[in-house]
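**Q** Dropping the structure in here first, questions after.
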Amino acid sequence: MSDPAVTTIQAEALGLLEWPRLAEQLASFASTTAGQRACLALPLPESLEQSQALLAETTELLGLDGLTAAAGGAGLSFQGVADIAGVVAHCAKGGCAGGESLLDVATTLAAARRLRRAIDEPELRPVCTALLSVLRTLPDLEQRLLFCLEEGGRIADRASAPLEGLRRQLMEGRRERRDRLQDLVRRYSALLQDSVVSERNGRPVLAVRAGAASQLPGLVHDSSASGNTVFVEPQVVITLGNRIRELEGKERDLELEVLRQLSVLVGADGEALELLQSILVRLDFALARARYGQWLGAVRPELSSGPSAGFELKDLRHPLLLWQQKREGGHPVVPVTISVGESLRVVAITGPNTGGKTVGLKSVGLAALMARAGLFLPCTGSPRLPWCAQVLADIGDEQSLQQNLSTFSGHIRRIARILEALPGPGASLVLLDEVGAGTDPVEGSALATALLKHLADRARLTIATTHFGELKALKYADPRFENASVAFDVETLSPTYKLQWGIPGRSNALAIAGRLGLSEAVLHQAAAQLAPLGEGEVNQVIAGLEDQRQRQQEAAEEAAVLLARTELLHEELLLRWQEQKEQSAELQEQRRQQLEQSIRKGQQEVRRIIRRLRQGEGSIGPGRSGPGSSDLGETARLAGQRLKRLEQQHRPSPERREHRGWMPAIGDRVRLLALGKAAEVLAIAADGQELTVRCGVMRMTVELTAIEGLHGEKPTPPEPKLQVQVQVQGKRGLGGRGPDVRTERNTVDVRGLRVHEAEAAVEEHLRNANGPVWVIHGVGTGKLKRGLRQWLETVPYVERVSDAAQGDGGGGCSVVYVQ
């Protein structure tokens, strides 16, 4: 790529595709001025690996920015990051920087440390974490700069003991001079035009009437435009003013000395600061790509290493037109679908002017460049395309009066440079607009045919727009060629901007001329001239193909509607079957209740019969029994037993429910109900109500009710146990505090938080603690526990940290003892 001719033709292609305009749109999403410059440059990587790394950075920061925004913030923040490249280079050469520039270095270091904490997550963001692994935030330099500098870059009094003493003298001298001036204002108020102390040439003056100037001894510094007022510095403050001026000079010298010392410190760490600046610019560049892609509704492309890989771009929209639609209220962008197999080399797009051929051409070129630059593509689905090291284009009118070039000559010169640049490393994409135009149609068609056949041998893919009918027949003689066309509505005389594959387009010149009122005689004569050439038959074939495509499209839409109706009918049938099943069960229950009621009535009747028989037996004397009374009693007793057996037979048997109490264990695989995906259990809370799981590369904390077993098992939460842990610390017991008891007030749960978020939560509890604090961090990978332990070692008022008792969580909980 070092060849100047190759570099020039590629730069021309970027201009023709309006790549700089896309870079300007991308720069509007950058957070820093240095990031905006990187976006405006929008470099193209030299290898597939570099492009894949940029795409990974874009993906990782897009996810982090979305998580930060979902948590209630404004996304990943670069607040405090300044462009420190200039001040670092100046200090590295021995120069002395200003206070405001040095303060920018301090704020940038603080912002870099905050960003590293937010981004550092090897499992979720391996690429960005690896980028930050070499970052040095220089906390000592930051603290020194913040100690010596105040807001606005002013040198603080504490920066230097001599400076502090000198400023104290200055303050006293200025106060004494102010008091003397106020005394003079009161004493000579009759001579003054105004009671306000003004300033001329850096010296305090009083506005005295011109005729009374001699009555106030002093030095005249100025007079008013009218001459009625003179501004006099009273004699009694001149000496004091000279002393103040001398002290101010010494103050500037001491401030300059402090700035020199700080500049030396910055220059000593110049390499680390330059690396930090480059990393921050790269992160801001990646975040701008992520936010730009999200704003476009774009998706991540998949780049293939093989130079013969195909192009799969579904519903691709031109990004510049999409910007115009969203930002400027333009017309909706009509998407195009590009599907190119591995064996296809040339696509000829035909159709009427203003039909969208050039827009489709530029959309494919920008898609290849955007994927190479690490940008997402405004497509749907999963776009796939090869890594294109060369995107060469000849688009537009190259007519030039200064260079004595016609349109045809300009195109030929550029195409010649394109052929010189081929072949190059990686896949090459060539875009030709109106190939062979600008000259005799017969010769132009022959030249275009030869050129496309030559490009089929040397370029991965060539897309050309044309009006030549001869190019439409190339696909039938060479399988490497394919036809496409832009649709045109003859009824409304307007383009539809839709790209049709496999069908060549028609110019529709005669139809448009007829709708616009051209004479029928002229149209018939033109059609008669086309007939010997076979143009009319070709157009009829094309029209038939278009009609067939339209019928297929309508049939597909009708099939889709029919499928949707079938699915609705299926759902309705299932719903009705469920209702009938419920109604059947309800009817059976009603019948069973009616039978039980009849049996109870029969039992009551049997009991009444038995009771009457017994009463009848009591009224008959000895030796005289009623006829068949014993038989009737036995019959009634047997009837009652039979009714009882019927009742037991028709009584619904109680359902047997087994309460096994399923609970997942660490290492089990469960299903997340919200995502519908499997996850691995990493840790379980002490109360069993929360789980820490890993789903893919995501690690999260969920409630027990948010999961189920892989076979549909529902978890049963454990019975809550009320435990009161009393720990008697000998050392604290000697101090008279008594036993330390864990309660809700001295317990903080930081599971699922990042290290810096957990630090803030624990620090808030430690400030208000009058005893030990229990910190529940879980087991997991151990990163949160290690980070907290390392930070707690630096907290001065923390006496010691130990694992909690086994009943309090063991290794998943730390007890922090404060002094």
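The values are calculated or read from the model by the stated rules, or taken from the named source; none is laboratory data. Every value quoted in this text rests on a predicted model; they were computed, and no experiment measured them. Heads up, the Cβs are rebuilt from the backbone with ideal geometry, glycines too, and the neighbour counts pull from every protein chain shown. For the accessible areas, the whole protein counts, side chains as well, though only heavy atoms, and no ligand, DNA or RNA atoms are used. Shrake-Rupley method; radii C 1.70, N 1.55, O 1.52, S 1.80 Å.
**Q** Would you be able to tell me the number of residues in region 44-78 that are at pLDDT 90 or above, polar (S, T, N, Q) and either under 27 Å from residue 110 (Cβ atoms) or open to solvent by 40 Å² or more (accessible area, probe 1.4 Å) (or both)?
**A** Of the residues in region 44-78, 4 are at pLDDT 90 or above, polar (S, T, N, Q) and either under 27 Å from residue 110 (Cβ atoms) or open to solvent by 40 Å² or more (accessible area, probe 1.4 Å) (or both).
**Q** Hey, another quick one. Which of (1) under 30 Å from residue 138 (Cβ atoms); (2) touching a helix residue (DSSP H, G or I) at 6+ places or on another chain (Cβ under 6 Å) does residue 283 not meet, given it meets every other one?
**A** Tallying (1) under 30 Å from residue 138 (Cβ atoms); (2) touching a helix residue (DSSP H, G or I) at 6+ places or on another chain (Cβ under 6 Å), residue 283 fails exactly one: (2).
**Q** Can you tell me which residue is farthest from residue 147 (Cα to Cα) among those in region 255-304 that are open to solvent by 10 Å² or more (accessible area, probe 1.4 Å) and not in a helix (DSSP H, G or I)?
**A** For region 255-304, the residue satisfying everything is 304.
**Q** Please specify each residue of region 318-363 satisfying the condition of being buried (at least 18 other Cβ atoms within 10 Å of the Cβ), of a type in the set (D, E, K, R) and assigned to a helix (DSSP H, G or I).
**A** Across region 318-363, the qualifying residues are 357, 362.
**Q** Tell me, which residue of region 102-141 that is small (Gly, Ala, Ser) and over 22 Å from residue 758 (Cα atoms) is least open to solvent (accessible area, probe 1.4 Å)?
**A** Within region 102-141, the match that is least open to solvent (accessible area, probe 1.4 Å) is 106.
**Q** If you don't mind, there's one more thing I want to ask. Restricting attention to region 241-258, which residues are touching a strand residue (DSSP E or B) at 6+ places or on another chain (Cβ under 7 Å) and over 14 Å from residue 161 (Cα atoms)?
**A** To start, the set of residues in region 241-258 that are touching a strand residue (DSSP E or B) at 6+ places or on another chain (Cβ under 7 Å) comprises 241, 255, 258.
If the condition is that a residue be touching a strand residue (DSSP E or B) at 6+ places or on another chain (Cβ under 7 Å) and over 14 Å from residue 161 (Cα atoms), then 241 is the only one that fits.
**Q** Return the residues of region 378-399 that are assigned to a strand (DSSP E or B), touching a Gly at 6+ places or on another chain (Cβ under 8 Å) and crowded, with 22+ Cβ neighbours inside 10 Å; say none if nothing qualifies.
**A** 385, 386, 388, 389, 390, 391, 393
**Q** Would you check if residue 41 is farther than 21 Å from residue 432 by Cβ and either among the small types (Gly, Ala, Ser) or open to solvent by less than 50 Å² (accessible area, probe 1.4 Å) (or both)?
**A** Yes: the conditions hold for residue 41.
**Q** Would you point out the residue of region 448-479, among those that are of a type in the set (A, V, I, L, M) and open to solvent by 30 Å² or more (accessible area, probe 1.4 Å), that is farthest from residue 426 (Cα to Cα)?
**A** Selected residue: 473.
**Q** Right, next: State whether the residues of region 741-752 include one that is in contact with a Ser or Thr (Cβ under 7 Å, 6 or more places away or on another chain), open to solvent by less than 60 Å² (accessible area, probe 1.4 Å), of a type outside the set (Val, Ile, Thr) and at pLDDT 80 or above.
**A** Scanning region 741-752 turns up at least one residue that is in contact with a Ser or Thr (Cβ under 7 Å, 6 or more places away or on another chain), open to solvent by less than 60 Å² (accessible area, probe 1.4 Å), of a type outside the set (Val, Ile, Thr) and at pLDDT 80 or above.
**Q** Got a sec? Which strands (runs of 3 or more DSSP E) wholly within region 664-724 have at least 3 residues that are within 30 Å of residue 59 (Cα to Cα) and without any contact (Cβ under 8 Å) to a residue 40 or more places away in the chain?
**A** Passing ranges, in order: 677-684, 690-695.
**Q** When residues of region 480-496 are filtered for being modelled with pLDDT under 70, surrounded by fewer than 21 Cβ atoms within 10 Å (Cβ to Cβ) and in a strand (DSSP E or B), how many remain?
**A** Residues flagged as modelled with pLDDT under 70, surrounded by fewer than 21 Cβ atoms within 10 Å (Cβ to Cβ) and in a strand (DSSP E or B) within region 480-496 amount to 4.
**Q** Being surrounded by fewer than 18 Cβ atoms within 10 Å (Cβ to Cβ) and either without any contact (Cβ under 8 Å) to a residue 40 or more places away in the chain or not small (Gly, Ala, Ser) (or both) is the filter here, so list the residues in region 305-317 that pass it.
**A** Answer for region 305-317, where residues must be surrounded by fewer than 18 Cβ atoms within 10 Å (Cβ to Cβ) and either without any contact (Cβ under 8 Å) to a residue 40 or more places away in the chain or not small (Gly, Ala, Ser) (or both): 307, 314, 315.
**Q** Follow-up. In region 182-198, which residues are touching a strand residue (DSSP E or B) at 6+ places or on another chain (Cβ under 8 Å) and either of a type outside the set (A, V, I, L, M, F, W, C) or closer than 10 Å to residue 208 by Cβ (or both)?
**A** If we filter region 182-198 for residues that are touching a strand residue (DSSP E or B) at 6+ places or on another chain (Cβ under 8 Å), which is where we start, we get 184-185, 188, 191-194, 196-198.
Correct list: 188, 191, 192, 193, 194, 198.
**Q** If you scan region 700-714, which residues turn out to be out of contact with any strand residue (DSSP E or B) (no Cβ under 7 Å at 6 or more places or on another chain) and surrounded by 11 or more Cβ atoms within 10 Å (Cβ to Cβ)?
**A** Of everything in region 700-714, those that are out of contact with any strand residue (DSSP E or B) (no Cβ under 7 Å at 6 or more places or on another chain) and surrounded by 11 or more Cβ atoms within 10 Å (Cβ to Cβ) turn out to be 705, 713.
**Q** Out of the residues in region 11-30 that are open to solvent by 10 Å² or more (accessible area, probe 1.4 Å) and assigned to a loop (DSSP other than H, G, I, E, B), state the one that is nearest to residue 366 (Cα to Cα).
**A** Once the filter is applied, the top-ranked residue is 18.
**Q** Quick test of your reading of the structure: residue 240 fulfils all but one of (1) under 53 Å from the mean Cα position of the chain (by Cα); (2) of a type in the set (A, V, I, L, M); (3) open to solvent by 20 Å² or more (accessible area, probe 1.4 Å). Name the failing condition by number.
**A** (1)
**Q** If you check residue 227 against the conditions, is it without any contact (Cβ under 8 Å) to a residue 60 or more places away in the chain and at positive phi? Explain how you work it out, then say what you get.
**A** Working: without any contact (Cβ under 8 Å) to a residue 60 or more places away in the chain: yes; at positive phi: yes.
So residue 227 fits the description; yes.
**Q** Test residue 777 against the criterion of being modelled with pLDDT of 85 or more, within 20 Å of residue 700 (Cβ to Cβ) and not hydrophobic (A, V, I, L, M, F, W, C), and give yes or no.
**A** yes
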